[in-house]
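Peer 1: What follows is a structure written as structure tokens; I'll ask about it next.
The values are calculated or read from the model by the stated rules, or taken from the named source; none is laboratory data. Remember, predicted model here, so these are calculated numbers, not experimental data. Reconstructed Cβ throughout: ideal geometry from the backbone, glycine too, with neighbour counts over all protein chains shown.
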Amino acid sequence: MPDSRRRATSGPQPPHRRRTDAPTGRTGAPARRPARAAARPPRPDRLEVTFLPGLGDVVHDEVVEVLHPPRPPRPVPGRDDALELDLPGWDDRVLTLRTAVAVFVSLHVDVPRPRSLVSGDHLARIAAAVRASLAVAPSRAFRFEAAGSGSPDFTRLGAALASAVGLPYAPDGGELVVKVRRGTAGRPGTDPGWDVLVRLGPRPLSARPWRSVDYPGAANATIAAAMVRLAGVRPRDRVVNLMCGSGTLLVERLLAGPTAAAHGVDLAAAALDAARANLAAAGVAATLTRADATDPACLGDERFDLLLADPPWGTLHGSHTDSPRLHTDLLGAAHHLAAPGARLVVLTHAVTVMERAVRAADGQWRAETPVRVFAKGHHPRIYLLRRC
Ligand SMILES: C[S@@+](CC[C@H](N)C(=O)[O-])C[C@H]1O[C@@H](n2cnc3c(N)ncnc32)[C@H](O)[C@@H]1O
């Protein structure tokens, strides 16, 4: 069904932008006003949520829980990193998803070439999607992500869209990303058309505002959020992040909901400084301790219900030689620190080493099937273990 028909019953419109709210260029100059403010096309209902491959189930569950779509999200055909959903009247709650990399307004346009996107209704629909994005989070300029985005067709489309929306087109530095990609082939012999995706927000959701210190080897925040969801968020949990580095797992757990206690442990003073800065930027608090997290006595008599860790994996912190001992000792110390019924969630790239450590910890920890994630050329796994 063409999008124009699907959108016949769309949700509430974004508020019309007052003149003083108009987006400005990077120089601070007021942007041009929309060419046509009247008779705007309806706000698009369809969203595409992108994520790191492997996290699809966790992202699906979070989308359902947070956004309550009338029908469950479904995979985007041919993709392992995106879900689509129809959500009439969506609002800025979409920006609160923690396991997603980004959320886009999604349009399908039945044209054979991108050059036709500039014409009539198509441009108006794309402009409506950009306005809907700006209504939930401002951006100063937009750019295209598309094959051939430097071509004259895209230059023309950029100029037309800038004029329609009143937002500068900055091909090399626009914050607001507009992706244009081939549509999914439908019936054999028919043209697949084009998908246009307008990101919500000037940055991906995965770029956390709380990350004030970029610590080498820091965990991806969407993976950290997935670890937290896999373990379950329980307000009475006493939480410890062993080998906490700059505190990504700890911050994501604290932002997910209240805890009874929160601790971070690392050997390196620089790591704890980074964690302290990130916790403060996130507006959350935890006790940080400089200690060897493979020492069962590292936190005295304290016991924990949720233990989170991403041990070093040999390139930035630690060494490949140390890895087997480190993983084995981590599971041993974690068992000592764990209260009855505790969960331990470990993110590691050292899969063979971890599998061996889990087998050796039989009787202490019971492991669920690990979740394999694809992140920037690495394939770490998330292990959820329950204390025996
Ligand atoms: C992969 S980094 C953790 C990154 C962290 N999740 C973040 O987001 O910044 C591993 C951390 O383990 C710490 N570490 C290594 N061996 C340790 C040990 N025996 N006890 C405590 N911390 C250790 C390192 O100092 C490093 O900060």
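Peer 1: Hey, can you tell me all the residues within segment 151-208 that are in a helix (DSSP H, G or I) and under 30 Å from THR96 (Cα atoms)? Working first, answer last.
Peer 2: Residues of segment 151-208 that are in a helix (DSSP H, G or I), as a first pass: 152-165.
Once the filter is applied, which keeps residues that are in a helix (DSSP H, G or I) and under 30 Å from THR96 (Cα atoms), segment 151-208 yields GLY158, LEU161, ALA162, ALA164, VAL165.
Peer 1: I would also like to ask the following. If you go through segment 175-202 one residue at a time, how many are of a type in the set (S, T, N, Q) and modelled with pLDDT of 95 or more?
Peer 2: Going through segment 175-202, the residues of a type in the set (S, T, N, Q) turn out to be 184, 190.
Restricting the remaining residues to those that are modelled with pLDDT of 95 or more gives none.
Qualifying residue count, segment 175-202: 0.
Peer 1: Can you tell me which condition LEU267 does not meet? The list is (1) more than 23 Å from the chain's Cα centre (by Cα); (2) more than 7 Å from the ligand (Cβ to nearest atom); (3) aliphatic (A, V, I, L, M), and all the others hold.
Peer 2: Status for LEU267: all satisfied but (2).
Peer 1: Can you find even one residue in segment 239-249 that is surrounded by 20 or more Cβ atoms within 10 Å (Cβ to Cβ), part of a helix (DSSP H, G or I) and near the ligand (Cβ under 8 Å from one of its atoms)?
Peer 2: Yes: one or more hits.
Peer 1: If you don't mind, another one. Working only within segment 185-208, note down all residues that are among the aliphatic types (A, V, I, L, M) and farther than 13 Å from ALA137 by Cβ.
Peer 2: Kept after step one, since they are among the aliphatic types (A, V, I, L, M), are these residues of segment 185-208: 185, 196-198, 200, 205, 207.
Passing the criteria: ALA185, VAL196, LEU197.
Peer 1: Continuing with the same structure: For ALA280, are the conditions met, namely being more than 9 Å from the ligand (Cβ to nearest atom), small (Gly, Ala, Ser) and part of a helix (DSSP H, G or I)? Talk me through it step by step, then tell me what you get.
Peer 2: Values: more than 9 Å from the ligand (Cβ to nearest atom): yes; small (Gly, Ala, Ser): yes; part of a helix (DSSP H, G or I): yes.
Yes: the conditions hold for ALA280.
Peer 1: If you don't mind, another one. Hey, among ALA146, ALA159, which residue is crowded, with 17+ Cβ neighbours inside 10 Å and either under 16 Å from VAL118 (Cβ atoms) or modelled with pLDDT of 95 or more (or both)? Write out each step before concluding.
Peer 2: Numbers: ALA159 fails: crowded, with 17+ Cβ neighbours inside 10 Å.
Checking each option against the conditions leaves just ALA146.
Peer 1: Would you check if there is a residue in segment 283-291 being more than 10 Å from the ligand (Cβ to nearest atom), in a loop (DSSP other than H, G, I, E, B) and at positive phi?
Peer 2: Of segment 283-291, the ones more than 10 Å from the ligand (Cβ to nearest atom) are 283-288.
Adding the requirement that they be in a loop (DSSP other than H, G, I, E, B) leaves 283-286.
Then keep just the ones that are at positive phi; that gives 283.
Yes, segment 283-291 contains at least one residue that is more than 10 Å from the ligand (Cβ to nearest atom), in a loop (DSSP other than H, G, I, E, B) and at positive phi.
Peer 1: Among the candidates ALA262, ALA275, which residue alone is within 14 Å of the ligand (Cβ to nearest atom) and either in the same structural domain as LEU288 (by TED's automatic domain parsing) or modelled with pLDDT of 95 or more (or both)? Walk me through it before giving the result.
Peer 2: Values: ALA262 fails: within 14 Å of the ligand (Cβ to nearest atom).
So the residue among ALA262, ALA275 that is within 14 Å of the ligand (Cβ to nearest atom) and either in the same structural domain as LEU288 (by TED's automatic domain parsing) or modelled with pLDDT of 95 or more (or both) is ALA275.
Peer 1: What strands (runs of 3 or more DSSP E) lie completely within segment 292-381 and have 3 or more residues being over 21 Å from GLY232 (Cα atoms) and within 15 Å of the ligand (Cβ to nearest atom)? Give the derivation first.
Peer 2: Numbers: elements: 304-309, 338-348, 365-367.
In segment 292-381, there are no strands (runs of 3 or more DSSP E) which contain 3 or more residues that are over 21 Å from GLY232 (Cα atoms) and within 15 Å of the ligand (Cβ to nearest atom).
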